Amino acid sequence: MKQLRRDIGIEALFFTFVLGIWLFWAFLLPLNEGPDENMRLQIAQFILKYGKLPTGYQKEIMDYTWGFTYAFRPILPQMVEALFIGFAMIFTEDAFTLLFAGRLVSVLSGVVFFWYVWALGSLLFERKSLRGLFLLLNVCLPQSSLLFTYLNCDSTALMASAMILYYLGRGMKDAFSIRTCIWLGVSLSVCVLSYYNAYGFLLTAALVFAGCFLERARNGERCGKEFFYKGFLILGLVLALTGWWFVRNYVLYEGDFLGLRTQEECAELYAMDLFKPSGRRNCINMGMSLTDMLFRSDWTFLVFKGFVGILAPLTEAHRAWIFAGYGGLFLIGGMGVLAFGVRGMGRKFGPGSREKADKRKAEKRKEPVDVSRIMLHLGLVIAIVLPNALNIWYSYSNDYQPQGRYSMPMLVPFMYYVTWGLGYWGQRLADRWPDRGAKWRRSLERLACLWIILTLVYSTVGIMWPAYRNVEDKAEVRVYSLEELFGVE
């Protein structure tokens, strides 16, 4: 009981620490320091002013540099932001206070994300230290922390991804109870109405759900009827909660239910010549092959840096040791996964004691492969690959933007594999030297956790605070010179 109280106290203290960082960043950031924040804010302001949802053609929210609005795409976060800002308007008219109120939607998404990742770690990992490392890798990554502090859709998508994976894990344990199916349907609906790049999780959910019932059927259960009525329950809930948006798009944009084609047509009409789709800087227009973009340019490195987190103008944000440290963790974790092999992963997806590993190996020789486990890993790989594939294709064929945030929907499954790989090497260490290996393993894992926490602290006091502490009016969009942005005149 004493240990339980201690663990709860540590978790509550860490949650308070992370929440404090997010709130501080949300208060510190001037308007539009998060990419495209002003375009998101204009949607929320339109909803408040007119009491209805804007169309993509709405002149009041049009960005005439790029020639389009984000109202062509799902705007669930902006709908909730309008509610938060409207409530704050009862008490104040201060522009930045209202902006901060809207940003609380992203902070709240981070809070929900935190607790679902924490709960997911309990399903995925046997060792408590790996659960903590998994949580830290997700919530303390500088880029994920940034997403939870300004107006965007990415934060809601990350929250939905953690929810989906948690309820899939629950479903694997409780045979997808009605309650789990309902919550899974809600989570998928939030994902659908947040961000197209996160749609890989829809495939993940379908694969895991089907895999669980296939495994039960292989074991002799008669579950065909249950599969269909629970599947239609989830699908019906998603269609009921999200279908209206795509029907609306279909009617407004002449059959373009996603709105993407119409957005490009709008940009061609209204954008500055330099940013029209027909004249944008992309690899096809520059005569560069996909291989050249990925392996002979700085695209891949810049996306990696953006995924870890570029928090301010480059003259303020560049800290090579942060990128090197996270790159090392990703590389070591990835090598651990490759060394062990996905097929051998245990049901709780984390290496335990040597005896348990030996027992699993013995059981694996006797029993057929678990279909549900194969489907789970296939689904997780899809959730990692799809946003990166869309990111690559967008830069190559549409607009050359090496943006790590476009790959952020993969965060939770990616960090799962990183954590698992790191845990594998720790277990190898403990198995190799039985007397001291376990102690060394614990020390290394604690060191990694401490480094991650200190990186977030440094990002706050060493990058964010110096970059924005002297901004007088944080409700105005800052205009940077080339020297401020890139250190050049």
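The values are calculated or read from the model by the stated rules, or taken from the named source; none is laboratory data. Predicted model, so just to flag it, every value in this text is computed and none were measured. Positions of Cβ are backbone-derived with ideal geometry, glycine not excepted, and every protein chain shown enters the neighbour counts. SASA here: full protein model, heavy atoms, side chains in, ligands and nucleic acids out. Shrake-Rupley method; radii C 1.70, N 1.55, O 1.52, S 1.80 Å.
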- Return the total of residues in the range 238-272 being of a type outside the set (Gly, Ala, Ser) and over 15 Å from Phe68 (Cβ atoms). 13
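Residue by residue, here is whether (1) more than 23 Å from the chain's Cα centre (by Cα); (2) open to solvent by 20 Å² or more (accessible area, probe 1.4 Å); (3) farther than 25 Å from Tyr196 by Cβ; (4) of a type in the set (Ser, Thr, Tyr) holds:
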site	(1), (2), (3), (4)
Leu260	no, yes, no, no
Phe275	yes, yes, no, no
Gly279	yes, yes, no, no
Ile284	yes, yes, no, no
Ser289	yes, yes, yes, yes
Leu302	no, yes, no, no
- Taking the range 395-407 and the residues there that are closer than 15 Å to Ala198 by Cα and of a type outside the set (S, T, N, Q), the one that is surrounded by the most Cβ atoms within 10 Å (Cβ to Cβ) would be Arg405
- Query: Counting residues that are among the aromatic types (Phe, Trp, Tyr) and in contact (Cβ under 8 Å) with a residue 12 or more places away in the chain, which helices (runs of 4 or more DSSP H) fully inside the range 251-323 reach at least 2?
  - Reply: 299-308
- Determine which single condition Asp36 fails, assuming it passes every other condition in (1) modelled with pLDDT of 95 or more; (2) within 26 Å of the chain's Cα centre (by Cα). (1)
- If we keep just the residues of the range 44-63 that are in contact (Cβ under 8 Å) with a residue 12 or more places away in the chain and of a type in the set (Phe, Trp, Tyr), which is most open to solvent (accessible area, probe 1.4 Å)? Tyr57
- What number of residues within the range 433-461 satisfy the criterion of being of a type in the set (Asp, Glu) and at pLDDT 85 or above? 1
- Task: Name every residue in the range 134-169 that is in contact with a Lys or Arg (Cβ under 9 Å, 6 or more places away or on another chain) and either small (Gly, Ala, Ser) or in a helix (DSSP H, G or I) (or both), in order of residue number.
- Result: Gln143, Leu146, Leu147, Asp154
- Conditions (1) farther than 23 Å from Met410 by Cα; (2) part of a loop (DSSP other than H, G, I, E, B); number of the one not met by Gly86: (2)
- Message: Within the range 365-388, does at least one residue satisfy the condition of being modelled with pLDDT under 55, assigned to a helix (DSSP H, G or I), surrounded by fewer than 17 Cβ atoms within 10 Å (Cβ to Cβ) and out of contact with any His (no Cβ under 9 Å at 6 or more places or on another chain)?
- Response: yes
- Query: Pick from Tyr166, Tyr195: which is open to solvent by 20 Å² or more (accessible area, probe 1.4 Å) and within 30 Å of Arg441 (Cβ to Cβ)?
  - Reply: Tyr166
- Considering each of Lys49, Lys59 in turn, give the residue that is out of contact with any Leu (no Cβ under 6 Å at 6 or more places or on another chain), more than 23 Å from Gln263 (Cα to Cα) and basic (Lys, Arg). Lys49
- Query: Name the pairs whose Cβ atoms lie under 8 Å apart, with the first residue in the range 79-91 and free of Cβ contacts under 8 Å to residues at least 40 places away in the same chain, the second surrounded by fewer than 18 Cβ atoms within 10 Å (Cβ to Cβ) and assigned to a helix (DSSP H, G or I), and 6 or more positions between them or separate chains?
  - Reply: Ala82/Leu48; Gly86/Leu48; Ala88/Thr97
- Can you tell me which residue in the range 416-427 is farthest from Trp440 (Cα to Cα), limited to those that are at pLDDT 95 or above and surrounded by fewer than 24 Cβ atoms within 10 Å (Cβ to Cβ)? Tyr417
- Pairs only if they're at least six apart or on different chains, beta carbon under 9 angstrom, first in the range 12-41 and assigned to a helix (DSSP H, G or I), second open to solvent by 20 Å² or more (accessible area, probe 1.4 Å) and among the small types (Gly, Ala, Ser); list them, first residue then second. Phe14/Gly132
- Starting from residues that are open to solvent by 10 Å² or more (accessible area, probe 1.4 Å) and among the hydroxyl-bearing types (Ser, Thr, Tyr), keep the ones in the range 83-127 and report whichever is farthest from Ser187 (Cα to Cα). Thr92
